[in-house]
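The structure under discussion appears below in the form of structure tokens.
The values are calculated or read from the model by the stated rules, or taken from the named source; none is laboratory data. Remember, it's a predicted structure, so these values are computed and weren't measured experimentally. A quick note on method: Cβ atoms are made from the backbone with ideal geometry, for glycine too, and the neighbour counts reach across all protein chains shown.
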Amino acid sequence: MKYALPLILLAGPALADAPVVEEVTYSGGRFSVTLSHGDTGWDDYADGWRVELADGTVLGTRVLAHPHVEEQPFTRSSSITVPADVTHVFIRASDSVGGWASDTTRVSIR
């Protein structure tokens, strides 16, 4: 006797693409990070970026307080202190749907 199991598909939230770090500059303790993201409005937008060490220690976070639907890519800056012995950091972006991206961008600062 054969048994047919019903196939049940559960609808979950659509996973949006993570923001892309397009460019990073560092000068005089100030990071300028250019992001691109398919911002659609308040429901899905790039909402921040942060500077991390290789071990995941967060040195500073730049919160992005609103969508940039008509401004893509866009650049925002923040002063973040980096220890003197550090030669490179990692930038991780976030969006309001997916949270912090799994990918990072390595940046040499010395």
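A few comments on the model shown:
- Being out of contact with any Lys or Arg (no Cβ under 8 Å at 6 or more places or on another chain) and either modelled with pLDDT of 90 or more or surrounded by 17 or more Cβ atoms within 10 Å (Cβ to Cβ) (or both) is a property that does not hold for Ala14.
- Scanning segment 95-110 for residues that are surrounded by fewer than 16 Cβ atoms within 10 Å (Cβ to Cβ) and among the charged types (D, E, K, R) yields Asp103, Arg106, Arg110.
- Number of the exception - Arg92 against (1) farther than 17 Å from Gly38 by Cα; (2) crowded, with 16+ Cβ neighbours inside 10 Å: (1)
- As for segment 103-110, it holds at least one residue that is free of Cβ contacts under 8 Å to residues at least 40 places away in the same chain and closer than 18 Å to Glu22 by Cβ.
- Any hit, segment 99-110, residues being under 11 Å from the mean Cα position of the chain (by Cα), more than 15 Å from Val24 (Cβ to Cβ) and outside any loop (DSSP other than H, G, I, E, B): yes
- Residue that is surrounded by the most Cβ atoms within 10 Å (Cβ to Cβ) [pool: residues in segment 72-81 that are assigned to a loop (DSSP other than H, G, I, E, B) and out of contact with any Phe, Trp or Tyr (no Cβ under 8 Å at 6 or more places or on another chain)]: Pro73
- Filter result for Val69 (surrounded by 10 or more Cβ atoms within 10 Å (Cβ to Cβ), over 14 Å from Gly98 (Cβ atoms), of a type in the set (A, V, I, L, M, F, W, C) and at pLDDT below 95): yes
- Taking first residues from segment 60-87 that are of a type in the set (Gly, Ala, Ser) and partners that are outside any strand (DSSP E or B) and modelled with pLDDT of 90 or more, the Cβ contacts under 6 Å between residues at least 6 apart in sequence or on separate chains come to Gly60/Ile80; Ser79/Gly29.
- Which numbered condition Ala54 misses (of (1) outside any loop (DSSP other than H, G, I, E, B); (2) modelled with pLDDT of 95 or more): (1)
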